[in-house]
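Read through the structure below, which is laid out as structure tokens, and then see the notes.
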Amino acid sequence: MMMTCITSTSYSLNLNGASFGYFKGRRGLRQGDPISPLVFCICMEYLSRVLMYATDKWYFRYHPLCKGLKLTHLLFAEDLLMFCKGDTQSIMLLLRALATFSATSGLRVNDAKSEVVFNGVTAV
């Protein structure tokens, strides 16, 4: 149902109070589209569930300051912060979760705008 809303758009021009014809949208959602925030929330809910599933493994280790809350990630607007202990298995679980999300949704991490921080030390 959501994809029907996104892929079957049509537009009409309104000049001086009169509507002129319809034309089909071709590229899906546009910036400022009223349904964009809802679609974003649905996508981020899916990402949260993928991360929850991935971190439910016995070998996942929480960041020491996040263990009590079982906190693995925070989302704010278009920013995502992910937390885990710096061991290889935990990091690989988070990366696999991101890969699953990317393969399913088509959304990708922008490497130019992303950084990884280990114990306060930024990795390039």
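The values are calculated or read from the model by the stated rules, or taken from the named source; none is laboratory data. The structure displayed is predicted, hence computed values, not measured ones. Cβ: placed from backbone, ideal geometry, glycine included. Neighbour counts: every protein chain shown. The area values use the complete protein model at the heavy-atom level, side chains included, leaving out ligands, DNA and RNA. Shrake-Rupley method; radii C 1.70, N 1.55, O 1.52, S 1.80 Å.
Among the residues of the stretch 92-102, write down those that are farther than 12 Å from K57 by Cβ and in contact with a strand residue (DSSP E or B) (Cβ under 9 Å, 6 or more places away or on another chain). Give the derivation first.
Taking the stretch 92-102 and keeping what is farther than 12 Å from K57 by Cβ, we get 95, 98-102.
Scanning the stretch 92-102 gives a single hit, L98.
All but one of (1) touching a residue at least 40 places away in the same chain (Cβ under 8 Å); (2) closer than 25 Å to T4 by Cβ; (3) part of a helix (DSSP H, G or I) hold for Y53; state the number of the condition that does not hold.
(2)
Might you let me know whether the stretch 75-96 holds any residue that is exposed (fewer than 10 other Cβ atoms within 10 Å of the Cβ), outside any helix (DSSP H, G or I) and not hydrophobic (A, V, I, L, M, F, W, C)? Talk me through it step by step, then tell me what you get.
As a first pass, look at the stretch 75-96 and keep what is exposed (fewer than 10 other Cβ atoms within 10 Å of the Cβ): 76-79, 88.
After this cut, where a residue has to be outside any helix (DSSP H, G or I) as well, the list is 76-79.
Still in the running and not hydrophobic (A, V, I, L, M, F, W, C): 78-79.
Within the stretch 75-96, one or more residues are exposed (fewer than 10 other Cβ atoms within 10 Å of the Cβ), outside any helix (DSSP H, G or I) and not hydrophobic (A, V, I, L, M, F, W, C).
Of the residues that make up the stretch 13-24, is at least one open to solvent by 80 Å² or more (accessible area, probe 1.4 Å) and on the phi > 0 side of the Ramachandran plot?
Kept after step one, since they are open to solvent by 80 Å² or more (accessible area, probe 1.4 Å), are these residues of the stretch 13-24: 13-16, 19-20, 22-24.
Narrowing further to those that are on the phi > 0 side of the Ramachandran plot: 16.
Among the residues of the stretch 13-24, at least one is open to solvent by 80 Å² or more (accessible area, probe 1.4 Å) and on the phi > 0 side of the Ramachandran plot, which makes the answer yes.
Residue check, F101 against (1) within 28 Å of T4 (Cα to Cα); (2) open to solvent by less than 50 Å² (accessible area, probe 1.4 Å); (3) free of Cβ contacts under 8 Å to residues at least 24 places away in the same chain, all met but one. Which one?
Exception for F101: condition (3).
Mind checking which residues of the stretch 81-104 are closer than 20 Å to I42 by Cα and touching a helix residue (DSSP H, G or I) at 6+ places or on another chain (Cβ under 6 Å)?
Across the stretch 81-104, the qualifying residues are M82, A97, T100, F101.
Is it true that some residue in the stretch 49-70 is at pLDDT 90 or above, among the β-branched types (V, I, T), over 14 Å from the mean Cα position of the chain (by Cα) and surrounded by 13 or more Cβ atoms within 10 Å (Cβ to Cβ)?
Scanning the stretch 49-70, I find at least one residue that is at pLDDT 90 or above, among the β-branched types (V, I, T), over 14 Å from the mean Cα position of the chain (by Cα) and surrounded by 13 or more Cβ atoms within 10 Å (Cβ to Cβ), so the answer is yes.
Across the stretch 83-103, what is the number of residues that are modelled with pLDDT of 90 or more, small (G, A, S) and within 21 Å of P64 (Cα to Cα)?
Result for the stretch 83-103: 2.
Looking at the stretch 63-83, is at least one residue in contact (Cβ under 8 Å) with a residue 40 or more places away in the chain, in contact with a strand residue (DSSP E or B) (Cβ under 8 Å, 6 or more places away or on another chain) and not aromatic (F, W, Y)?
Initial filter on the stretch 63-83 (in contact (Cβ under 8 Å) with a residue 40 or more places away in the chain): none.
No - not one qualifying residue is present in the stretch 63-83.
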